[in-house]
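A short worksheet on the structure shown next.
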Amino acid sequence: MLIGKKKDKSVDIPSASLSDIVFLLLIFFLVTTSIDTEKGLDLVLPPPNEDIVEIPKKNITNLLINAQGQVLLDNEIVEIGDIARIIKDKIFENELLIVSVKTDKDTKYETYVNVLDQLKKADAKKISLAEPDEE
C-alpha cells in the first residue's frame, strides 16, 4: 500500500461576490441607523420684513461675550456655568424677559454655543441675537 504525500491545497477566498456583500452591508447600516434630531441649535428666526417693536428696557437683559471668552451679564462678569441659574432666576422674576446676546467678532464659536446651551438650560425662549460690532 502506497501512502502518498497529501498535496497542500491552497485555500482562496472567493472575491467574486465581495462587492455584493459590501453593498448589502452598506444598505443594512443605512436603513437601520437612526439620526438624532436633537443635535444642533434650535432657533426660530423671524421673517425678514417684520416691523420693529419697541421693548421696554426692564424686559431686556444684555449678555456680551468678548474676544477673550468672558461673559458679561448686564455689565457684570459671570462664569459660563452660572448663566443658566442667573437667567432662570431673572425669568422667574420677569416672564417677559428677553436675553440679548451680543458677541465680539473674534469670539470663539465654542464659547458662543456654550452660552446658548446655558440659555437653553435656563428655558429662555426669548433670545435676541445681536450682530457683532464692526471695528
Of (1) at positive phi; (2) without any contact (Cβ under 8 Å) to a residue 24 or more places away in the chain, residue 123 satisfies every one except (2)
With the requirement that a residue be acidic (Asp, Glu) and under 14 Å from residue 69 (Cα atoms), what does the stretch 83-133 give you?
104, 106, 110
Please find, within the stretch 95-109, the residue that is farthest from residue 53 (Cα to Cα) out of those that are among the basic types (Lys, Arg) and out of contact with any Leu (no Cβ under 9 Å at 6 or more places or on another chain).
108
Any residue in the stretch 5-13 that is modelled with pLDDT under 90, over 16 Å from residue 124 (Cβ atoms), in contact with a Gly (Cβ under 9 Å, 6 or more places away or on another chain) and of a type in the set (Ser, Thr, Tyr)?
no
Could you check how many residues of the stretch 95-118 are surrounded by 12 or more Cβ atoms within 10 Å (Cβ to Cβ) and within 12 Å of residue 61 (Cα to Cα)?
6
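The values are calculated or read from the model by the stated rules, or taken from the named source; none is laboratory data. Because the structure is predicted, anything quoted here is derived from the model rather than measured. Positions of Cβ are backbone-derived with ideal geometry, glycine not excepted, and every protein chain shown enters the neighbour counts.
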